[in-house]
Amino acid sequence: MIMTVLRNWLSPLKYQGLRHSLQGLTLAIAASFSLGTHAEDNVLTVYTYESFTAEWGPGPAIKEGFEKQCGNCTIDFVALDSSAGILNRVQLEGENTRADVVLGLDTNLMAIAEDTGLLAPSGVNTSALQLPIDWESDTFVPFDYGYFAFVYDTEALASAPKSFEALINAPENVKIIIQDPRTSTPGLGLLLWMKAVYGDEAAEKWAALQPRILTVTKGWSEAYFSLFLNGEAPMVLSYSTSPGYHMEIDKTDRYQAAAFEEGHYLQVEVAALLESSPKKALGQQFLNYLIDREAQLSIPLGNVMFPVIDLENSLPPSFSKLIEPASTLLIPAEEIRDNRKQWIDEWLESSSAR
Amino acid sequence: MAGILVGQISRLQYSLNRTWPWWSGGVVALVVIMALTIAPLVSMLVEAGTIDWKTALSDTYTQRVVWFSLYQALLSTLLSLGCAIPVALALAHSPSFHGRRFLVTLFSLSLVIPTIVAIYGIVAVYGRTGWLSRAREIIDLEPLSFYGLSGILIAHVFFNMPLATRVMLTSLESIPQSNWRLARQLGMSSLSIWRFIEWPVLRGQLAGLALLVFTLCFTSFAIVMTLGGGPRATTIEVAIYQSLRFDFDIPMAVTLACLQLGICLFLTLLSTLFKTDSDIGFENVTELTKNTASSSLLINTALWDSRWQKLASLMFITAASLFVIAPLMALLISSVNSSTLSVITDSTTLRAIANTCIAALFSAVFAIGLALGLLVSARHLRIRLQYSRSGQWLQLAGNMILIIPPVVLGTGLFLLLRPYADVFSIALLLVIVINSLMALPFVLRIMDAPMMRTAEQHDKLIRSLGVQGFSRWRHIDWPQLRKPIALATAFAATLSAGDLGAIALFGSERVTTLPLLLYQRMGSYRMEEAAVTAGLLLLLCLTLFIVLQRLIGGKNRVVIT
Amino acid sequence: MLSLHNVRLSYDDRHWDFTITLHTHGIYALMGRSGSGKSTFLNLIGGFVLPESGAIQWNEQSLLPLQPAQRPITTLFQRHNLFGHLPVWKNIALGIAPDLKLPKSTRQQISQVLRSVGLANFDNKKPAQLSGGEQQRVALARCLLRRKPVLLLDEPFSALDSTTRTEMITLLKELITQYKPCVIMITHDQSDADAMGASILDMKNDNVSLRNT
């Protein structure tokens, strides 16, 4: 009866093709309801953020290197629109996710990510890694680290603020571009940085900071490339290592990081396996490769961060001219997990107040 | 006794003596619509049952979002209507000037232009690097802060002022000629004319129009998402989207969705009180240019002749025209730039174009199918059985989307389907479903009157000759309904092609449509690429509109507006 | 014989009750004040409305279970007898084949019947191109082709000018002599009734009765 009804409705259009494609669509719908649409056996799907897989990023080199090592496997980098977006996407997809590996979360999101139950132990030996902190997680494998810092344009600002207080009280023309803590790990990083510095006063300080904020972007790429480098504002939230790239590759000292007296917040970026993945062996091989010397060599100038192993003298020379944090700030992952929602609500509130 | 029984049996036989049960279309359509709207709703309410409503409602962020949604909708409505009145008056009293017809046609284009495309145009004019900012730089003024409430208001006025102007213009032009002659005879001043002739007419429309504009602004998604600029200016629809896609905060999403539902329900009920002439531009979209040409003579007798009136006219009309044309011009100009070729040939763009077309066509077909099902049954109820009320209930079902806005529906579908399927893989299907439901009220509006009209006239003849079922459709209905169906299809397809709501929720790097791509490019400040994408989308929509009308409606005049 | 027995219908606060028997080849003119229910009477016979109780029979067979198109009746309305978007021949063809599936011979029949009502070669014209009188002729041609034993006319000529009306009455008379249906015609004009030689049916007090002359 459905078919007769359909026929009656469609026949005025007189296009056989349309009817057939409708039937085809119905079949396709039915087919796509199969659970777990993982790719074929030798393709490793890695969810990561855009700047990792860009031409100038570390992605291409790592892909090439790993594919050579494993023989006939392929890495499929899926570039999501922001770093924290990786976690969101995996949560949205649930157990039906296509991802085998997530790459680009950081220490701040670790406990939250683990709580989802979607991640599997990495099986990778992390004891030989050299990080500013001791590494204790079995699930996550760190692949680079850096310190959050405001990067400024020396041509727009003669001298940059030397502390948060100085930034808040800076003159009218000192505007900053920041990222949304809900979608971006640097965004969350700034939130936590101010939390670490100001504790319970953080909300107040955020409200006080509002006049300095030009805009809040979704991810780091837009903030840095599309806005900051195009001169929209003189300061942007980024990493202490960002100037290293400009000095080394662009051969310019124009962009520098502002050293804050209160200290800088540490970010360690991590990768992990998905529990639902049928290719854990391959994934593990990839994670091991990630902390291998070959892959780590791409990190300093590819991702513009510090490597997690000692590259001896292979760090770019300009990296020695980077600012040294007065102190390293870090909030434990469990504490973040317990308070993130509340802290973000606080941020939302101070940002939406007039 | 036996006589009565025989009578009943006869009645039964009478009603069964047809080849096609009249209610079949309606039932199928109703079931489908209900399944697609009620099921997600239920899954959402089940989730809502687990929410602690007290804390949820006392959350300041939630309160602020609700307040802002209502506030910006109210302001937008006041501004749009406030600006529309003088423009409508000016147009009504200037019945002939070069380009009047073009301008009035342009005003109705806001129904067909995709929101995100117009937004791009607006950003190109008023945004940080737009025309206005550059102009201000030249005279050394600070660039305007555009994102936030001001951006939202500008965009809302851009879309709703022309709509309101058209409606008001129609009612002004329907004032009988005799009134004007009388006014002239009595030597009434312009002010008296306004007070006693024009204002009463407009006032009648105002309530319903205000409600319509308010609802549109309250549930607007693309505008607030692009121009809101942050937590400071977020409406409920956008907040739902953000809590789902940014925070994965399902309780928050459901809380907001329920609030949104409640308010929309209230607004819908309110609208049943105000029975406006439903000439909000749709079935009159084709008639209007004819009307304006002929009835412009009507107001000839009350031209605004005096110098200050002419000046006022000129001011209002020019301002309105510039306001509407500038973003479109900015869009057209900026879309041809250094990135044009690379964007057009880029595989992401091409895939997005394909997806957009698929979504548009299938949504249109689905919407038309549902509408026909409902209308055929409604027609039978209204005309054969004379149950005009139930006939209208059937059509009310078609308007479900006005109570359950797209993002809310999407949230419900997401909750419903997530345990069973990867929603991102079936994204296109979900987009098609949501967009069809979104187009359904408009499609019904366009097709309702023609269907009822032709049926009423010929009902007895059809019955006496026994033309029924497929025959009736093929020989009687289709030839007469071809054009409205063509317009409805074209409209539904264009609406779906240009939509940002559903795809924002379910889109991903795997499944993108042009609107989403445009939004992403704008969000990454890749303005040149965005410009080309906007131009492509506009072109696609116009093409779809024209081609579908031609294809389905047949030859003769192409009724674009 | 067309017989109605205790045919009852209520609408708002009107209660009709019809009992009458009409001859198989009779010609009747139904007259009465506006709003008295003449159209209702015709609608009941035609099958557009079902009575609450009572019997309507044609030659002892109950008409009640039959839809309008299944009844042995052709109806001519005051307006909208033709579909404006269809050519004349299709309008007529619908009368005998509602799905417009016709053998070739029927088309010739249609041409013939058009000739007999004075509309030779009007086959492919559209109703918009015809005058009011010509349109009603087409409708009459369709009646002729259908050859149903009962012919109901609901003020079919009232919108026409008097000359045309006289012509139409003459045509109608010819048609009646050709195949002798039972005719019930609603009219306000006594002269029409006289010209047709019709017996008068009076609609009065929600009741219809034959007038004695």
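The values are calculated or read from the model by the stated rules, or taken from the named source; none is laboratory data. Because the structure is a prediction, the values reported are computed rather than measured. Because the Cβ atoms are built from the backbone with ideal geometry, glycine has one as well, and the counts that use them run over all protein chains shown.
Structure above, values below:
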| read-out | value |
| --- | --- |
| Which listed residue is touching a residue at least 60 places away in the same chain (Cβ under 8 Å), out of contact with any Ser or Thr (no Cβ under 9 Å at 6 or more places or on another chain) and either at positive phi or not small (G, A, S) (or both), from B:M438, B:M452, B:M522 | B:M452 |
| The stretch C:46-73, subset more than 7 Å from chain B (Cβ to nearest Cβ) and within 14 Å of the chain's Cα centre (by Cα), residue surrounded by the fewest Cβ atoms within 10 Å (Cβ to Cβ) | C:P72 |
| Single unsatisfied condition, B:Y241 versus (1) in a helix (DSSP H, G or I); (2) within 9 Å of chain A (Cβ to nearest Cβ); (3) touching a helix residue (DSSP H, G or I) at 6+ places or on another chain (Cβ under 6 Å) | (2) |
| Candidates A:T139, A:T107, A:T74, A:T126 - the one that is away from chain B (no Cβ under 14 Å) and within 20 Å of A:K218 (Cα to Cα) | A:T107 |
| Qualifying residue in the stretch B:454-463 (condition: more than 14 Å from chain C (Cβ to nearest Cβ) and in a helix (DSSP H, G or I)) | no |
| Residue within the stretch A:121-136 that is touching a residue at least 60 places away in the same chain (Cβ under 8 Å) and either touching a Gly at 6+ places or on another chain (Cβ under 6 Å) or in a strand (DSSP E or B) (or both) present | no |
| Counted residues, the stretch A:150-199 - those being away from chain B (no Cβ under 14 Å), not hydrophobic (A, V, I, L, M, F, W, C) and not in a loop (DSSP other than H, G, I, E, B) | 8 |
| The one condition in (1) in contact with a Leu (Cβ under 9 Å, 6 or more places away or on another chain); (2) at pLDDT below 85; (3) surrounded by fewer than 15 Cβ atoms within 10 Å (Cβ to Cβ) that C:N205 fails to fulfil | (1) |
| Selection from the stretch A:63-120 of residues that are of a type in the set (S, T, Y) and part of a helix (DSSP H, G or I) | A:S83, A:T107 |
| Long-range neighbours under 7 Å by Cβ, at least six apart or interchain, first residue within 12 Å of another protein chain (Cβ to nearest Cβ) and under 28 Å from B:L417 (Cα atoms) within the stretch B:47-74, second of a type in the set (S, T, Y) and in a loop (DSSP other than H, G, I, E, B) | B:V65/B:T234; B:V65/B:T235 |
| Residue check for C:R79: over 20 Å from C:K173 (Cβ atoms) and not small (G, A, S) | yes |
| Count - residues of the stretch B:496-544 that are under 23 Å from the mean Cα position of the chain (by Cα) and either assigned to a loop (DSSP other than H, G, I, E, B) or farther than 23 Å from B:V336 by Cα (or both) | 13 |
| Members of the stretch A:296-329 that are within 18 Å of the chain's Cα centre (by Cα) and among the small types (G, A, S) | A:S298, A:G302 |
| Residue identified as surrounded by 17 or more Cβ atoms within 10 Å (Cβ to Cβ), of a type in the set (S, T, N, Q) and closer than 28 Å to C:R33 by Cα among C:T164, C:T170 | C:T164 |
| Tally, over the stretch B:428-445, of residues that are modelled with pLDDT under 90 and within 10 Å of chain A (Cβ to nearest Cβ) | 0 |
| Test for C:A139: is it loosely packed, with under 15 Cβ neighbours inside 10 Å and either part of a loop (DSSP other than H, G, I, E, B) or in contact (Cβ under 8 Å) with a residue 60 or more places away in the chain (or both) | no |
| Qualifying position, being in contact (Cβ under 8 Å) with a residue 40 or more places away in the chain, of a type outside the set (S, T, Y) and within 14 Å of chain C (Cβ to nearest Cβ), among B:Q480, B:Q468 | B:Q468 |
| Subset of the stretch A:189-212 (residues that are among the aliphatic types (A, V, I, L, M) and out of contact with any helix residue (DSSP H, G or I) (no Cβ under 8 Å at 6 or more places or on another chain)) | A:L190, A:A196 |
| Residue ranges of helices (runs of 4 or more DSSP H) in the stretch A:260-354 with at least 3 members within 14 Å of chain B (Cβ to nearest Cβ), at pLDDT below 90 and within 30 Å of A:S159 (Cβ to Cβ) | A:333-352 |
